[in-house]
Amino acid sequence: MPDAVHVGSGKVRELYALDDERLLLVASDRISTFDVVLPTEVPDKGRVLTGLSGFWFTRTRSIAPNHLLGLREDGRSTECRRLEMLPIECVVRGYLSGSGWRDYSATGAVCGHELPAGLVESTRLPEPIFTPATKAQSGHDENITGAQAAELVGAELYAEAERVCLELYRFAREYAAARGIVIADTKFELGLDGEGRLVLADEALTPDSSRFWPADEYTPGGPQPSFDKQFVRDFCEATGWDKTYPGPELPEEVVNGTRARYVEAFERLTGIAFDDYLADPEVVLR
Ligand code: Q0Z
């Protein structure tokens, strides 16, 4: 990539600058579990996530403008507008899981949202809640209250971010539910464009930025299987791995089963054959 300057690395993605106004976001096939990137890749995982993000960006344009300019032929690279990113993670939760469940169990509240007593793990909340978090440079994002988040970005922008994120989440979860996938929660990244407009950026509504659960297995009262990573988690648990770096190599059957689950999520949600995406990634934008 001679004309792209590397400007950032995530656990499984790379970010390049194309010029002053444009970035290239490249999704690799790396996979992480229990916060560790494994030594084995899952072929096409980055393409599935890139295609899904593009699909959602196109279908949510009337809710919020987004950073997408185009998808490259490789299916894993998104050209996007360079924005001024908000210094908060915009998380929406429709179900009580992960840090939301932990915080509720300890305090009865999540990010300042007082919830009814007696809720069980993975329960569907009466209404989705906006639960902002700080952006940790390394380590874990920390949940914060709306008041703390409003201090970081300003009250007006905070209110607009909350409204937009709740609307995006409600749209996507209804869409996904009709296709057998529960989107339990999701993390949005928002930025401001040159005119000060709030813009949806990064990846959106993928299994890496959200919890996807198989709807037909949903049973509140405990943790739910992951739509995409459950084979990987089960295998890793069975090896007795202590969940510190380095993680175990994945056997072929775990890789193949996991790839199939990612492709299944893509096809169920988009209604597009994954081979058609590979032939022309921009099919998800039409
Ligand atoms: C996204 C990230 C990745 C490492 C910055 N449109 C945008 N404008 C400005 N900044 C960003 C975006 Cl998407 C931006 N990240 C997250 C992505 C590798 C970090 F692929 N950081």
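Loop-resident GluC sites (Glu not before Pro) (DSSP state other than H, G, I, E or B) in the stretch 213-250 with no more than 15 further Cβ atoms inside 10 Å of their Cβ: E249. For the stretch 155-286, the convex hull spanned by the alpha carbon atoms encloses 187 Å³ per residue. Here the contact order of the chain, divided by its residue count and restricted to Cα pairs under 8 Å and six or more residues apart, works out to 22 percent. The Cα atoms of the stretch 1-69 give a gyration tensor whose axes a ≥ b ≥ c have a/c of 1.5 or more with a/b no greater than b/c, which makes the shape oblate. Would you please classify the overall shape of the stretch 35-110 from the alpha carbon gyration tensor, given that a ≥ b ≥ c denote the square roots of the eigenvalues, rounded means a/c under 1.5, and beyond that prolate means a/b larger than b/c while oblate covers the rest? Because a/c hits 1.5 or more and a/b fails to exceed b/c, the stretch 35-110 counts as oblate.
Across the stretch 185-248, C-alpha contacts under 8 Å between residues 6 or more apart give a mean separation that, scaled by the residue count, equals a relative contact order of 22 percent. Applying both filters, DSSP loop and at most 16 other Cβ atoms within 10 Å, to the GluC sites (Glu not before Pro) of the stretch 76-150 gives E142. Let me have the relative contact order for the stretch 1-128, percent, based on Cα pairs under 8 Å that are six or more residues apart. It comes to 17 percent, rounded to a whole number.
What shape does the chain take by its C-alpha gyration tensor, where a ≥ b ≥ c are the square roots of the eigenvalues and a/c under 1.5 counts as rounded, a/b above b/c as prolate, and the rest as oblate? Since a/c stays below 1.5, the shape of the chain is classed as rounded. Long hydrophobic helices in the chain: the complete DSSP H runs spanning 15 Å or more by Cα along their own axis with mean Kyte-Doolittle hydropathy of at least -1.0 are 45-59, 155-177, 252-270.
Structure note, pairs K187/K243; K11/K243; K135/K229: Cα-Cα distances above 22 angstrom occur for K187/K243; K135/K229. For the stretch 52-105, applying the loop criterion from DSSP together with a ceiling of 13 other beta carbons within 10 Å to the trypsin sites (Lys or Arg not before Pro) yields R61.
A short reminder: the numbers here are calculations on the coordinates, not readings from a lab. These numbers come from a predicted model, not from an experiment. So basically every Cβ, Gly included, is an ideal-geometry build from the backbone, and we count neighbours across all protein chains shown.
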